[in-house]
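Q: Structure below; questions to follow.
Please treat every number below as a calculation from the coordinates, not as lab data. Since the model is a prediction, treat every value here as computed from it, not as a measurement. Virtual Cβ from ideal backbone geometry, glycine too; neighbours counted across all protein chains shown.
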Amino acid sequence: MVVRYLIGIAVIVGLLPLAVSWLGFVFTVAIGKGLAALGVAILLRGGMISIGHALFFAIGAYATAFLMRGKINELITLFVCATFITAAAGLVVGAFMVRYRGIFFAMLNLAVSMVFFTLLSKLYHLTGGTDGMRVMTPTLLGMELSRPAFEQALQLIAIVLMVGAALAVDRYLKSPLGQALSAIETNEVRLEFLGVSARGVLLVAYVASAALAGAGGALSAVAIGHVVPEFSYWTLSGQLILIAVLGGISGVPGPFIGAFFLELVRTFAVGFAADAWNAIIGISLLVVIFFLPEGLFGILQRTETRMRRPKA
Amino acid sequence: MFANYAPLIVDGLADAALIFFVAVGLTLVFSVLHILNVAHGSFYSLGAYLSVVIGTFVAGRGWPALSFLALLISPIIVTLALGPLIERTLLRWTYGRSEALQILVTFGLFLILEDAQKLIFGVQSYSQDAPMTLLGTTQIAGIVYLNYQLLLIALAVLVAIGLRLLLKHTGVGKLIIAVVADQEIARAVGIDASRVFMLAFSLGVFLAALGGALASPTVGVSPGLGAETIVLAFAVAAIGGLGQIEGAALAAILVGLTRSAAIYFFPEFQPVVPYIVMLAVLLVRPYGLFGSIGLRRI
Amino acid sequence: MRPILSVRDLHVNFGGVKSADGVELDIHAGEVVAIIGPNGSGKTTFINLCTGYVIPTRGTVLFDGEPITRLPPRKITRRGIARAFQIPQLFTGHSVLENVMLAVAAQSDIWQPIGPLNRETYREAALRILDLLALNDSADQPTAVLPEGLRKLADIAIAIALKPRLLLLDEPTSGVSTAEKTPLMDTIVAMLRAEQITALFVEHDMDVVERYADRVFVWDTGRVVASGHPSEVLYNPSVIERVVGVA
Ligand SMILES: Nc1ncnc2c1ncn2[C@@H]1O[C@H](COP(=O)(O)OP(=O)(O)O)[C@@H](O)[C@H]1O
Ligand SMILES: [Mg+2]
């Protein structure tokens, strides 16, 4: 089921840029955010909202920049290392966060992301302050590619990453561990009475969601070629939440659908609505919550079942 | 010895006073509505913007003394314009829904309000100094103090006492306490809980906007202030224990003093100090100094 | 013989109310015992104390001779005590079958994130338990919309799926119609005997107690005020006076 949707999305996203070349970059960036939003969606399955998840996106991005500064130039190595570094950060932050639920969880995540933003902006000597850091074009499997060739390759890698991450998360969510995560939302007390540590279940989810955001951040860093403190700002956290909710959390393709949709809208809206982009995000968030609680993917699934079912 | 630290303490207490206004509003609304409003910090920044704009306008017309009036009128305008409106529409819809949904809705509101301010006031930094210069300074034991800071401290004490009197000794306060204690029973004995909700929320908006207005002569007002404020207010409310008014007061003093000490001793760490205090408190007491989490009956 | 559960001098109070006030009792392996007593006498609190949900201010609980007094619920569960709840505690986002499968998975291996929850082995184990409690027809129903009687059964099914050595049932027959009480208790007790599970159940229906309990403990204001074989205890005038008002 999910595989079919993912292949469909991958084909569309892979082919469209052949006709409209600038879409390639838009889609690559969208996949970066989609990965992070998938992380947000995992936590939403457990009923938890992190309004500071851009923290891990930024950690992944800055990790990439620092690794390159440390003379690591291979794209694959960069992605793997950045993701692991972010997962480790997720483990440390998560060990504290999993003690909390609801608004505490949400706000503490926001607080940590704000502290990190402040550090990124203030530690000028280390991070370049508000100017950020440049990220050069890495090598791919040892090959030095021209920028256009690299961007095309990166786009394919992004698609592979998207499909791979989505399938892995899908398996996880259907496994006992993933189902225990949803059980936290409905009855955490009973889960403890099954002999299961709810905090443990949540910590796994938290680390997974951090790793996804880190991978998304690394991808974006390489695609954009520049990292700035804004990567960790709450405005991006807000976008990630909107992407997750807009796409729908009932299935793993949701956040990616949401990301493509939002990035396309942004590409067109940026000309006349750049100043009001957060307001648009906020209004869309309210609209989605009020009118499309199941998100785009939910609607897609529903229409399909309706079309397939013979008229009763 | 004391003389060396006295200015530091006054700085810290003045800071605490400003933090107290906004944090106590947040905690009050939480204790009544059981919603933590992520957009609460935006009322603070709105109060700040409005009072600077009005204050500099009247000062420019040659009535700098009127800028004091602006400090009081702006929060009232913000409250009347937004308090009942937001409570009656957006928030009302989320009562009894999942906490996740309430967070999403107030977070959406926060995004909207933050950008609305940018659209209205632009991205430049605003400031006013009339209230500060008009009040001048006082010299005690050879040390010069800003009278405005002393005024802030006095106002915070007054508001704290006022809130206590309001809650314990007035009809409205008793209604609020009844609703906090048990909404079902309060409704059963004929209390109009929905009016209490609106009043409590508006009071929270007022306190936040008042904090912002009073802060405006001491800081530059620019985009991002609302976001910083909500996180700081949450940190303070969490340290005190969400929903605990006395807790918020104590936590504000703790954070204010630590911050001013940090400015003095380790200036570069000043922005993260409140969070370090929060982390330290929460590691020892997960729900804050006065907070606790009840057992669900099973 | 060493008792499987041994409780000594257990105390807890909630805002001045002494919900456990020096509870002492022993349960031996293989027994099925009942607790009776008026509402608010502390029966549920006693189960909460034995399972780690409420921490006693004083006293000890020994399971198999080992102290479990201050362990959290999940550790106590893993040692082999399961409970069903007076108010059913279900995962309302899952179907009845999934609820039980989660318990089956928890009991074997929940920490692996690869294979699906919905796998043949878990499914069969869960269906066997649903079968036992005549819940098959509701297997695929979402628990959020289940009638109270069936919720109660689903709650018990989860506890049984944990394969406990000691099972604590808080009013298993409340919410179940009078006609269904006997068949329900018949199946539960038959299962307990067959699997050699020791059990304790809180019950208001004296006929049920007399029929199924090896021993009965009478609760009042946070303490055990009488105990013994049902045929003695239930006909003791002072017990009748204490309990009958509510029973
Ligand atoms: N979590 C709790 N908080 C406050 N009071 C409680 C709590 N649990 C139980 N009590 C009180 O303890 C007493 C015993 O309750 P309970 O154990 O539920 O009685 P029973 O199950 O025998 O009806 C009651 O007075 C009840 O109000
Ligand atoms: Mg009970």
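Q: If you take the beta carbon distance between C:I114 and B:A81 as r and set R0 to 41 Å, what does 1/(1 + (r/R0)^6) give as a FRET efficiency, to the nearest 0.05? Spell out each step's value before the answer.
A: Details: r = 55 Å, r/R0 = 1.34.
Taking R0 as 41 Å, the efficiency between C:I114 and B:A81 is 0.15.
Q: Taking amide H positions as placed in the peptide plane 1.01 Å from N, state which residues far from C:G228 in sequence (5 or more) or on other chains have amide H under 5 Å from it.
A: Sorted by chain and number, the residues that satisfy this are C:V216.
Q: For the protein assembly as shown, what are Rg and Dmax over the alpha carbons, in angstrom?
A: Computed over the Cα atoms of the protein assembly as shown, radius of gyration and Dmax are 30.4, 97 Å.
Q: At most 16 other Cβ atoms within 10 Å and a DSSP loop assignment: could you name the trypsin sites (Lys or Arg not before Pro) in the range B:62-134 that fit?
A: Qualifying residues, ordered by number: B:R97.
Q: Long-range amide H contacts for B:R97: which residues qualify at under 5 Å (H placed 1.01 Å from N, peptide plane, sequence gap of 5 or more or a different chain)?
A: none
Q: For the range B:110-212, I need the span (max minus min coordinate) of the C-alpha atoms along each principal axis, in Å, sorted largest to smallest.
A: Largest first, the range B:110-212 extends 59, 43, 16 Å along its Cα principal axes.
Q: Under 23 Å between alpha carbons: how many lysine pairs meet that in the protein assembly as shown, if sequence neighbours fewer than 8 apart on the same chain are excluded? Let's see the in-between values first.
A: Numbers: C:K18/C:K43; C:K43/C:K75; C:K43/C:K152; C:K43/C:K181; C:K75/C:K163; C:K152/C:K163; C:K152/C:K181; C:K163/C:K181.
Lysine pair count for the protein assembly as shown: 8.
Q: Given 0.36 nm per residue, what is the gain on full extension from C:D26 to C:D214 after removing their alpha carbon distance, in nm?
A: Numbers: separation 188, 0.36 × 188 = 67.68 nm, distance 1.30 nm.
Gain on extension, C:D26 to C:D214, equals 66.4 nm.
Q: Compute the signed sum of charges (Lys and Arg +1, Asp and Glu -1) over the other residues within less than 15 Å, Cβ to Cβ, of B:S292.
A: Here the charged neighbours net out to +3.
Q: Continuing with the same structure: Can you give me the long-range amide H partners of B:A39? Hydrogens built in the peptide plane at 1.01 Å from N, cutoff under 5 Å, separation of 5 or more residues or another chain.
A: Under 5 Å from the amide H of B:A39 lie the amide H atoms of B:F110, each far enough along the sequence or on another chain.
Q: Using a basic spin-label model with each label point 7 Å from the Cα along Cα→Cβ, how many nm lie between A:S250 and C:T121?
A: For the pair A:S250/C:T121, the computed spacing is 3.2 nm.
Q: Rounded to the nearest 0.05, what FRET efficiency is calculated for B:A280 and A:I299 with R0 set to 35 Å and r the Cβ-Cβ distance? Mind dumping the intermediate values first?
A: Details: r = 47 Å, r/R0 = 1.33.
About 0.15, to the nearest 0.05.
Q: With point charges of +1 on the Cβ of Lys and Arg and -1 on the Cβ of Asp and Glu, referenced to the Cα centre of the protein assembly as shown, which listed residue (A:S220, B:L113, A:I280) lies farthest in the positive direction of the dipole?
A: A:S220
Q: Add +1 for every Lys or Arg and -1 for every Asp or Glu among the other residues with Cβ under 12 Å from the Cβ of C:Q141, and state the total. List each step's numbers first, then the result.
A: Numbers: positive: C:R151; negative: C:E98, C:D137, C:D140.
So the surrounding residues net to -2.
Q: Here's a follow-up. What is the calculated FRET efficiency for B:A154 to C:T57, with r their C-beta to C-beta distance and R₀ = 51 Å, to the nearest 0.05? Could the numbers behind the result be given before it?
A: Details: r = 45 Å, r/R0 = 0.88.
About 0.70, to the nearest 0.05.
Q: List the pair-distance distribution P(r) of chain C, using every Cα-Cα distance, as the percent of pairs falling in each 5 Å bin from 0 up to the bin containing the longest distance, rounded to whole percents.
A: Percent of Cα pairs in each bin: 1, 6, 14, 17, 19, 17, 13, 8, 4, 1, 0, 0, 0.
Q: If you don't mind, there's one more thing I want to ask. Which ³J(HN,Hα) values, rounded to whole Hz and listed in residue order, are derived for the range A:267-272 from phi using the Karplus coefficients 6.51, -1.76 and 1.60 in 6.51 cos²θ - 1.76 cosθ + 1.60 with θ = phi - 60°, glycine and proline given as x?
A: Couplings: 4, 7, 7, 4, x, 10 Hz.
Q: Place a +1 charge on the Cβ of each Lys and Arg in the range A:2-235 and a -1 charge on the Cβ of each Asp and Glu, then give the dipole magnitude about the Cα centre in debye, rounded to the nearest 20.
A: Values: 14 positive and 9 negative charges, 50 e Å.
Here the range A:2-235 has a charge dipole of around 240 debye.
Q: Where does the charge balance sit around C:I197 when Lys and Arg score +1, Asp and Glu -1, over other residues with C-beta under 9 Å from its C-beta?
A: On the way: positive: C:K163, C:R165, C:R193; negative: C:E195.
Local charge sum for C:I197: +2.
Q: Run a plain Debye calculation on chain B (Cα atoms as equal point scatterers, no solvent) and give log10 I(q)/I(0) at q = 0.12, 0.13 Å⁻¹, rounded to two decimals, same order as the q list.
A: Here log10 of I(q) over I(0) equals -0.79, -0.92.
Q: Got a sec to turn the phi values of the range B:198-211 into Karplus ³J(HN,Hα) couplings, 6.51 cos²θ - 1.76 cosθ + 1.60 with θ = phi - 60°, whole Hz, x for Gly and Pro?
A: With the stated coefficients, the range B:198-211 comes to 5, 4, 5, 5, 5, 4, x, 4, 4, 4, 5, 5, 4, x Hz.
Q: Hey, another quick one. Can you compute the modelled spin-label distance between C:I240 and A:V92, with each label point 7 Å from Cα toward Cβ, in nm?
A: 7.2 nm
Q: Starting from the Cα of C:E66, step 7 Å along the direction of its Cβ; do the same at C:H229; then give the gap between the two resulting points in nm.
A: 3.5 nm
Q: How large is ³J(HN,Hα) for each residue in the range B:219-234, as worked out from phi by the Karplus curve 6.51 cos²θ - 1.76 cosθ + 1.60 (θ = phi - 60°), to whole Hz, x for Gly and Pro?
A: Once θ is set to phi - 60°, the couplings for the range B:219-234 become 9, x, 9, 8, x, x, 4, x, 5, 4, 5, 5, 5, 5, 4, 5 Hz.
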